[in-house]
Each structure stands twice: as structure tokens, then as C-alpha cells.
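Please read the structure below before turning to the comments.
The values are calculated or read from the model by the stated rules, or taken from the named source; none is laboratory data. Values in this document were obtained by computation on a predicted structure and should not be read as measured data. Note: ideal-geometry Cβ built from the backbone for every residue, glycine included; neighbour counts use all protein chains shown. All accessible areas refer to the heavy atoms of the entire protein, side chains included, with ligands and DNA or RNA removed. Shrake-Rupley method; radii C 1.70, N 1.55, O 1.52, S 1.80 Å.
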Amino acid sequence: MSTTLGWLASELGGELLGNPEIEIRRVVHPSHAENEHDLALVYSASVAPIVKERAVQTAMVPLSPDVPGIPNQIKVQRPRVSLARLLEIFARPPVVPTGIHPTAFVDPASEIAADVSIGPLCRIGPGAKIGAGTRLVSGVQIGAEVEIGSGCLLFSGVCVGDRVRIGNRVIIKANAAIANDGFSFQTVEPGSAEVVRKTGKVQPTESRILRINSVGTVVIGDDVEVGACTCIDRATLHETRIGNGTKIDNLVQIAHNVQIGENCVIVAMAGIAGSATIGNRVVIAAQAGIPDHTTVGDDSLIMPQAGVTGHLPARSYVGGTPAMPRKQALQDLMQVKRIKGLGKRIKELEARLDQMA
Amino acid sequence: MSTTLGWLASELGGELLGNPEIEIRRVVHPSHAENEHDLALVYSASVAPIVKERAVQTAMVPLSPDVPGIPNQIKVQRPRVSLARLLEIFARPPVVPTGIHPTAFVDPASEIAADVSIGPLCRIGPGAKIGAGTRLVSGVQIGAEVEIGSGCLLFSGVCVGDRVRIGNRVIIKANAAIANDGFSFQTVEPGSAEVVRKTGKVQPTESRILRINSVGTVVIGDDVEVGACTCIDRATLHETRIGNGTKIDNLVQIAHNVQIGENCVIVAMAGIAGSATIGNRVVIAAQAGIPDHTTVGDDSLIMPQAGVTGHLPARSYVGGTPAMPRKQALQDLMQVKRIKGLGKRIKELEARLDQMA
Amino acid sequence: MSTTLGWLASELGGELLGNPEIEIRRVVHPSHAENEHDLALVYSASVAPIVKERAVQTAMVPLSPDVPGIPNQIKVQRPRVSLARLLEIFARPPVVPTGIHPTAFVDPASEIAADVSIGPLCRIGPGAKIGAGTRLVSGVQIGAEVEIGSGCLLFSGVCVGDRVRIGNRVIIKANAAIANDGFSFQTVEPGSAEVVRKTGKVQPTESRILRINSVGTVVIGDDVEVGACTCIDRATLHETRIGNGTKIDNLVQIAHNVQIGENCVIVAMAGIAGSATIGNRVVIAAQAGIPDHTTVGDDSLIMPQAGVTGHLPARSYVGGTPAMPRKQALQDLMQVKRIKGLGKRIKELEARLDQMA
């Protein structure tokens, strides 16, 4: 890899200071800068002591403030936007041998585009179709009749069940489990959860539990990212759906029939229960929970560990369990701190009244 | 697959209206009904507009109320119970080639029943026994001396450690991890968690951490379902046990020595810590936590995200963190909303008293 | 396996009572003791009825109190410390065939030490190095240029991404996913989470989401344990790091750039967000969450389901969401219980004042 500071500055649309001929070999935090070939990321003046200590020679810096003492600089407007481009240039994609590895099993009844990479010990089921440039690292299990678009990247251990449809440029990380049957059961007689909801009382039931099979599938749009060990369950009848551009972190649960819009961000360990509908550009933070059959409106923001309990209109901003508007949740927390003081004031009032009586 | 409306009506014990000769090809939500061969699920009158718009021709409907305008109907008493039977008939089981796939490795010292299906890239360890009709989709890893009953279905990527015993008709979903060693350690000197429990104060300790190996195993009963990426740890000495008929969702943690009764329902992301004992027919909702060495009585219902902190008697119905009876938890939440108002009333009282003084 | 009671007593540094020649075959809970060859673990007098009922012949017991009626005993000072040694002696390690299994794919450009065991259907990428005595059970996926030390044990289905460095005696449990790319994105224009943090209001944005690739890696120290289905993400630029001796349970999320010190204990389902720094000997209990870019000081103890919201100094002991000092969290809970009573007292005061007016 050979890239000069001048070329990078023009790629990033940034302003160049210093020597455009320096070859940049790595992008680093200032504390790891070793020489002029290391492009240090300087986001704020707070790293100035590190810059000095490491004698940083080359850096990408914001338009302001100035961080003094760096001879070679690229000045950019939004450093994290530029970082995205930088790390596209300096990407280190997983090593996947070209073509179909001899230890992979590709069903003869599948259709594999010419330049697909299927790594060691992958399985491609009958009727599957895999689009141009898609890469499967190793040990990936693809079911029957699965359709995967072009330019996708599936890491080791990913399991995709039969009939799933995946768009283009989708990234699925290690050991994600796509299209398992939904967790859907029905008791022959009303079960305890059903009874308690109606009566408020727990009644033992000896009812047999019937399984409701999932005959539907999962559809994943373009440019979606699915995290490691994340589970997306198959729909009961039709499709569990992840909209274009939505990014899902590790260890997320997306249950059967869930509909997720476009460009959502769902952070690690969030759980979305069956048949919930999530709008577009919704952010669900880590460890939050969305109950079944609820709707979360566009552009909503759900804080970490929030426990949503009902429908949320567009642009909701909620936290806490049960989740409520963020402001209200914070106020409640502060109100609790007042109780002790209120108790004292009541005691004083009582004493004053007693004296007056 | 060819099934007529008349035959389905008799299978479901339902009342038939319309043409019994219609061949049913799919079970659909009314919004996806395309022609008379699609059996639409109509649970309530609320879908009447969709029924009209899609000109639904054929439907399964409840005994009441009538949903007008559907010429062919099966009327049933409990639609979701009938759905379970319908989706048994219309099931789409995973595609698994019959017999032992040439890319699978089956240890010669194992016993595989005649009609077992072992898909591509599975491994069966020495001494393992797999019962009649059991299917392993692909990439399934079965350890040494594992015993699996008949009619089981293990999806891709499932890992089952040595010596586990699994009953009949068990379903284990993709990338579940059964029988890893328990998370059990002991510091040579009392560790910080041990000290703080006694003294309430955190004391740094430099003690070495010893590992307590797990020499026990996991025993899973008949008709159990284990979710994707769910972990069930091996017992320290004896058996971690999942009772007959218990259903476990995705991403659930079941620690070493846990004993779970029959017909429980454990929803996604719930965690059950070491040596906890769960009764029969217990429902543990999503993201709830049960601490180590606690007991949860029969028929208890634990709400989502609840943090249980002690033993629960039979028929408990708890929510919140720390978990308390559901009613009390809701009252506490409402009481918090009163604080602001109480503060105002105290202020008024103080003003009145000041005036009187 | 043949071990006498006398030999075990000397191994454990315990006091022997009874017959030193008894051959011990199993370590059991008293309720599973069947004969004198079963060494029952007796921690306290509370199991005396079981000891009597099962006529326990042989036991490991604490120095005090005496549990009467057991003819053969090893008396030890800290029974759980002795248990660790006992279960080292009676360990039942996973069955892994010696050498490289014929169904494994080991890249010719890798370096495998002489006595490494690589089980069925494992993949070792180009440039990988695996140290002496390390065992990979089956279906383990090791990326390119990964370095694994000596004496490690990787269970089935573990995925390790390219360039990861793993120390000695590390245990990684089934289906763990090491070194996936971090969950790191940037909107071209300020995104909704960014705007709401500044303005408190949710503003819809149509901004394109850019991916920030991870070019860094993961470094795992010596004697670390990583749980089943646990995810440790790759650093953006440098290294996500797990210190020597740290133990991580199942289903834990450790995001990109996280730095974890030595001898920490991180319990199941805990989540540590991007760029957080965790000190030494920190205990993070189950289902707790640590936000991004925060610091948790040495020897801190974070209770189950806690939602940390800021930096924590050394020796913090916190619980609740938002997490606060444990004592304060408990007080808040108790204060809430007072509200109803305070309301009544205010009503009485009001009535008294009304009467006086």
C-alpha cells in the first residue's frame, strides 16, 4: 500500500500543510505515532500533550482549534467523516481465498456468480444463489434457496436458514444466526401468561404447549450490517424484514415478523420482540427492549437498557423502565432524591402544629 | 402439497362454509391473500377493511364475530390453536439431505440410527448415539458420548459438548452452545465480591483466581426447544437439567447446575445464574435475570427486564428491579409521580403556618 | 483414574480421618453419593440430613463444624479452594483427537507446534501460529496471521478473526466470536443521536451512514477465559485488549477499543461499549452495561443489571440504572416506599390546618 499525504488530502477534500510527498502507511491514535508515515488522528486540543510527547510528524486535524507543532497536516471539516474515508482506503479486509475452496461443499443445484469467494468448510444449500463479488470467510452455512446479492461479506460461522433473501453489500459478522423459527407457542387451554393478563392472578394450567411453526422467511435489504451472534428469526407466515442501510450490532435479538425500516441503528444486546414494527432512522441503544406487537415511530431514540412498554410516536426520545420521555425519566430520578427532605419537612410541620395546638 | 378446504376443516374440527373442494396452497395474513387458494387468517373484525380491499376468498375465522364478505370459511373456536395445527400441515422443514453427507465426519465409534440425516460438515464424536429420524442440518458439532434421542432437529452451527443427553423431539436452533464449562472460579484468599458481601466495602485483593472445572453434564428432556445462540452450561459435578416440554428462546444464558422444570417458557435474553432452581410452567420474560442459588416456584411469571433478587414462591407474579410483586412495582412507579405534587403541598402548608405564626 | 483418599488429603493439604486406602472415583454432592468411592462435598452442617439419608461414607468437610456420621473425611480450610484442586485432578477435558484431523483445513503457510490437536472441520488461516499443546475441539475457525500461545483450549465453533493475538492457557468456549469489526458508523451530516445530545430534541435526518472500518485487532492475555457466544470486537486502529487472568462469561459484548485490565470477572450478558477502559480486578455482574468512552477504576464492583452512566473511581460499588453507589441505590428504593405514607401525613396536616383556620 502506498499513499501520499497529498493524495489523501485531495481524497478527503482537506487542506494540506507540509510535505505532500510523505508516504502514509498507517492511521493511528497520536499515542501510537512512530514516524512521519503514521497519520495521527487529532480530534481536539486535548491530545496536545501526547502530540508533543510522541513528536507527532503527520496528522489529520479539525479546521480548528490549531494543534501546534505538527509539521504535516490535513485539515478537515468533520474528522470522523474523513476517518470513514481514510479507513476505506486503509481497510484490512478478511483474508478469503478466491474461488470456491476445495473443503467447501457447494450444492450442484446452486448458482454461484463468477468472482464469488467461498472459503474453507462453507456449505451452500441446493437452489441457493450468490451474487458477484460476495465473500464467505469460512465455516459459513447457507441453507437451501437462499439468495444473497453482490458485494456481500459473511464472516465465519454465520448460519443463514433456507429461503432467506439478502440484498447487496450486506455484512454479516461471525456466528450470526439468520432465519431460525420464531419463538411462537400456544397452549391448548389459556396459558398462565394469557390468564394473568386478563385476571391479574397467576393460575396454574396443565395445558399442553403447541408449537406454531414458522413458514415465512427473512428479507434483509441493501447495505445492512448484522452483528456477531445476532439472531433474526423467520416470520410465521411472511417475512421478517430489515430495511436498507440498517445497522445491527452484536448479540441483538430480532424476533419473528419484526419489520425494521431503513437506516436504523440497533446497538448490542437490544431485543425486539415478535411482530414489532420499527420505523426509519430509529436508534435503539444497547440492552433496550421493545415488546411484541408495538410500533416505534420514525427517528425515535431509545436509550440504553430502556424497557419500552407501548407504541411510540415518531421522534420519541425515551429512557428508563418502563420507558418514558427522557426528560420525564430524569425528573423522576431527581424527584426520588427529594423524598428524604420532604419527610423531614413534614416532621417539622407536624411538630409546629403540635406546638400550636 | 395438496389440501382441500373441506379436509382442513375436518382436521381443525371447524365448521365449513363455502366450497370444500378449494385446494389450499398457502396460509397467509389477509394483506397477502392473492386468490382462493390462500387461506387468510382472520382473528378479529379489525381486519375487515383489508379483507375487503384484498377481496379475500378463503379464510379461517373465529366463531364470532362474523367477518362479512368471505365466501369460503373455516370457523374455529381458538384460532391460534388451529393455527398451530395448520402450520404443522403446511410446515416447511429445513432442507437436509437424507443419510450421512460425505463431507460430515462421523466417528466410527458412534451409533447412528438408520434414518438419521447428518448434513454437510457436521462432526459426530466417538461414542455418540443419535436416535431415529433425528436431523442435523449442517456444520453441527456433536461431542464424544453425546446421546440424542429420536425425532430431534439440530440447526446449523449447534455445538453440543461431550456426554450431554438430549431427549426426543428436541429442537436446537443455530449456533446454540450446549455444555460449556460453568463460569466458576474461586480466589485463594477471599475475593472482592466475597469481602464486599460481608463488609459492604470494596477491598482490593491480589488473590490468584482458581478455576473450578465442570465435570458434570447437561440433560435436556423431551420436546424441549433451545434458541439460537443460547448457552446452557455444564454442571460442576452432576447435571444441568432442562425439563420436558420447556421452551427456551434465543440468546438465553442458563448457567451451571441450573435445574429447570417442565413446560417453562424462557424468553430471549433472559439469564439464569448458577445453581438456580426453576419450577414447572414458569414464564421468564425477555431480558429478565434470576440470581444464583435462588428458587422460582411453579407457575411463576417474571416480567421483562425484571431483576429477581431472592427466592420466589409458587405463582409469583413479579416485575421491576429489584423484582417485586407486579402490583407493588406498578404502585411504586405511580407513587414517584406524586412527589412533585407533595412537594408543592408541603410548601403551601409551610406558607400557611408561617402566616399563622 | 485411581486416587486414594490418603493421596488426595495430602494433595489438598487437609487432615485425614478414616481409611486412607479408599479409592476415590468421583466427586459428588452428598445427595448423589452412592458408596465409599464417592467423595461427597460437605460445606456446612445444613446437608447433615442428606448425609444421614444417603449414609455418606467419604467426604471433604470444612474444619468446623463437625458433620457427624461420616467415617472417612478430609478436613480442609477453604473447601472451595480445595474443590478447585480436586476438580483439576478429576477433570474431564473435551475429547479431541491428537494431531491434525484429516477433515481439518490447515493452511500450508501456517505454523503449528508439534503436539497441537486440531479437531475435525477446523480451519487455520495462512500465516497463523499455534503454540504447543493447544487444542481446538472441532469446527473452530482461525483467521489469517492469528497467533495463539501454548496450552490453549478452543471449543467447537469458535471464530477468531485475522491477526488476533492470544496468550497462553487461554480457554475460549463454543461459538465465541473474536475480532469482528467494531460497530462504528458516522453520518455525513450530524445524525439524530448527535443532535439530540446537543439540543435535547429529536430531529429527523436523512443523512447517509458511513462505515468506519476496523483495521486494528484484538489482543488476549494469558490465562484468560472467554465465554460461549461472547463477542470481542476488533479495535478501530489499534488493539482491543483483555488483560492476563481476566475471566469472561457467556454472551458478553466487548466492543471495539475496549481495554480490560487483569484478573477481572465479567459475568454473563454484561455489555461494555466502545473505547471503555476497565481497570484491574473489576467485577461486572450479569446484564450490567458500561457506556462508551468511560473508565471503571480498579477493584470496582458493578451489580447485576446496573446501567453505568459515567466514569467510576477505583473501588466503586454501584448498582441500579443509572448506577449509583450501592448504599444510595438501596436508600432510594426504600425512600420510594415512604411516599404513600408521606402523602397521608400531608393530608392530615392539611385537615388540621383547615380546622384551625
Give me a count of the residues in segment B:170-183 that are facing chain A (nearest Cβ under 9 Å) and either touching a residue at least 60 places away in the same chain (Cβ under 8 Å) or of a type in the set (D, E, K, R) (or both). 1
Hey, B:F155 hits all of (1) at pLDDT 95 or above; (2) of a type in the set (A, V, I, L, M, F, W, C); (3) more than 15 Å from B:V226 (Cα to Cα) but one; which does it fall short on? (3)
With the requirement that a residue be hydroxyl-bearing (S, T, Y) and open to solvent by less than 50 Å² (accessible area, probe 1.4 Å), what does segment C:199-217 give you? C:T205, C:S207, C:S214, C:T217
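On the basis of being facing chain B (nearest Cβ under 9 Å), open to solvent by less than 20 Å² (accessible area, probe 1.4 Å) and more than 21 Å from C:K201 (Cα to Cα), does A:M356 make the cut? Talk me through it step by step, then tell me what you get.
On the way: facing chain B (nearest Cβ under 9 Å): yes; open to solvent by less than 20 Å² (accessible area, probe 1.4 Å): no; more than 21 Å from C:K201 (Cα to Cα): yes.
No, not satisfied.
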Tell me which of these B:Q186 doesn't satisfy, since it passes every other one: (1) more than 10 Å from chain C (Cβ to nearest Cβ); (2) in a strand (DSSP E or B); (3) under 22 Å from C:I266 (Cα atoms). (1)
Could you tell me which numbered condition C:G18 fails, if it satisfies all but one of (1) within 14 Å of chain B (Cβ to nearest Cβ); (2) over 30 Å from B:A128 (Cα atoms)? (1)
How about segment B:104-117: which of its residues are crowded, with 19+ Cβ neighbours inside 10 Å and part of a loop (DSSP other than H, G, I, E, B)? B:A104, B:V116
Among the residues of segment C:52-75, which ones are touching a strand residue (DSSP E or B) at 6+ places or on another chain (Cβ under 6 Å), open to solvent by less than 80 Å² (accessible area, probe 1.4 Å) and among the hydrophobic types (A, V, I, L, M, F, W, C)? C:V56, C:A59, C:M60, C:V61, C:V67, C:I70, C:I74
So in segment A:185-226, with the set limited to residues that are at pLDDT 80 or above and basic (K, R), which one is farthest from A:G161 (Cα to Cα)? A:R208
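Look through segment C:79-94, keep the residues that are part of a loop (DSSP other than H, G, I, E, B) and touching a residue at least 12 places away in the same chain (Cβ under 8 Å), and return whichever of them is most open to solvent (accessible area, probe 1.4 Å). Steps first, answer last, please.
Keep residues of segment C:79-94 that are part of a loop (DSSP other than H, G, I, E, B), which gives C:90-94.
Adding the requirement that they be touching a residue at least 12 places away in the same chain (Cβ under 8 Å) leaves C:90, C:93-94.
Details: C:F90: 13, C:P93: 76, C:P94: 26 Å².
Filtering first and then ranking leaves C:P93.
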Looking at segment B:159-181, which of its residues are within 17 Å of the chain's Cα centre (by Cα) and closer than 12 Å to C:A228 by Cα? B:N175, B:A176, B:A177, B:I178
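Could you grab me the full set of residues in segment C:153-169 that are part of a loop (DSSP other than H, G, I, E, B), more than 9 Å from chain A (Cβ to nearest Cβ) and within 23 Å of B:A176 (Cβ to Cβ)? Walk me through how you get there before you give the answer.
Taking segment C:153-169 as the starting set, the residues that turn out to be part of a loop (DSSP other than H, G, I, E, B) are C:155-158, C:161-164, C:167-169.
Those still in the list that are more than 9 Å from chain A (Cβ to nearest Cβ) too: C:155-156, C:164, C:167-169.
Hits for segment C:153-169 are C:F155, C:S156.
So, in segment C:140-151, exactly how many residues are surrounded by 24 or more Cβ atoms within 10 Å (Cβ to Cβ) and either β-branched (V, I, T) or assigned to a loop (DSSP other than H, G, I, E, B) (or both)? Break it down into steps so the answer makes sense when it comes.
Here is the first cut: in segment C:140-151, the residues surrounded by 24 or more Cβ atoms within 10 Å (Cβ to Cβ) are C:140-143, C:146, C:148.
With the extra rule that they be either β-branched (V, I, T) or assigned to a loop (DSSP other than H, G, I, E, B) (or both), the set shrinks to C:140, C:142-143, C:146, C:148.
Here the count works out to 5.
If you scan segment C:225-241, which residues turn out to be on the phi < 0 side of the Ramachandran plot and within 14 Å of chain B (Cβ to nearest Cβ)? Walk me through it before giving the result.
Let us first name the residues in segment C:225-241 that are on the phi < 0 side of the Ramachandran plot, namely C:225-228, C:230-241.
The answer is C:E225, C:V226, C:G227, C:A228, C:T230, C:C231.
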For segment A:11-50, give me every one of the strands (runs of 3 or more DSSP E) that falls completely inside it and has 2 or more residues that are open to solvent by 30 Å² or more (accessible area, probe 1.4 Å) and more than 13 Å from C:L237 (Cα to Cα). A:15-17
Residues that are under 27 Å from the mean Cα position of the chain (by Cα) and of a type in the set (G, A, S): does segment C:91-101 have at least one? yes
Could you tell me how many of the residues in segment C:280-295 are more than 14 Å from chain A (Cβ to nearest Cβ) and among the β-branched types (V, I, T)? 3
Every listed condition ((1) out of contact with any Phe, Trp or Tyr (no Cβ under 8 Å at 6 or more places or on another chain); (2) under 30 Å from A:V318 (Cα atoms); (3) facing chain A (nearest Cβ under 10 Å)) holds for C:K201 save (1)
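Within segment B:335-349, is there a residue that is in a loop (DSSP other than H, G, I, E, B) and within 27 Å of A:K340 (Cβ to Cβ)?
In the first step, residues of segment B:335-349 are kept if they are in a loop (DSSP other than H, G, I, E, B); the result is none.
Within segment B:335-349 (the criterion being in a loop (DSSP other than H, G, I, E, B) and within 27 Å of A:K340 (Cβ to Cβ)), the answer is no, since none of the residues qualifies.
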Looking for something in contact (Cβ under 8 Å) with a residue 24 or more places away in the chain, more than 10 Å from chain A (Cβ to nearest Cβ), closer than 29 Å to A:I172 by Cα and of a type in the set (A, V, I, L, M) - is there at least one such residue anywhere in segment C:101-115? no
Matching residues, segment A:118-129, being open to solvent by 10 Å² or more (accessible area, probe 1.4 Å) and part of a strand (DSSP E or B): A:K129
Of all residues in segment C:326-348, which are within 8 Å of chain B (Cβ to nearest Cβ), open to solvent by 80 Å² or more (accessible area, probe 1.4 Å) and over 28 Å from C:G289 (Cβ atoms)? C:K340
With criteria (1) under 34 Å from the mean Cα position of the chain (by Cα); (2) not in a strand (DSSP E or B), B:A55 comes up short on (1)
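If we only count strands (runs of 3 or more DSSP E) wholly inside segment A:218-325, which ones have 2 or more residues that are open to solvent by 10 Å² or more (accessible area, probe 1.4 Å) and closer than 29 Å to B:P93 by Cα? First the steps, then the outcome.
Values: elements: A:231-233, A:239-242, A:317-319.
Correct list: A:239-242.
Regarding B:A351, is this residue over 26 Å from C:Q331 (Cα atoms) and either open to solvent by less than 70 Å² (accessible area, probe 1.4 Å) or at pLDDT 95 or above (or both)? It would help to see each step written out before you state the result.
On the way: over 26 Å from C:Q331 (Cα atoms): yes; either open to solvent by less than 70 Å² (accessible area, probe 1.4 Å) or at pLDDT 95 or above (or both): yes.
Here the answer is yes, as B:A351 does meet what is asked.
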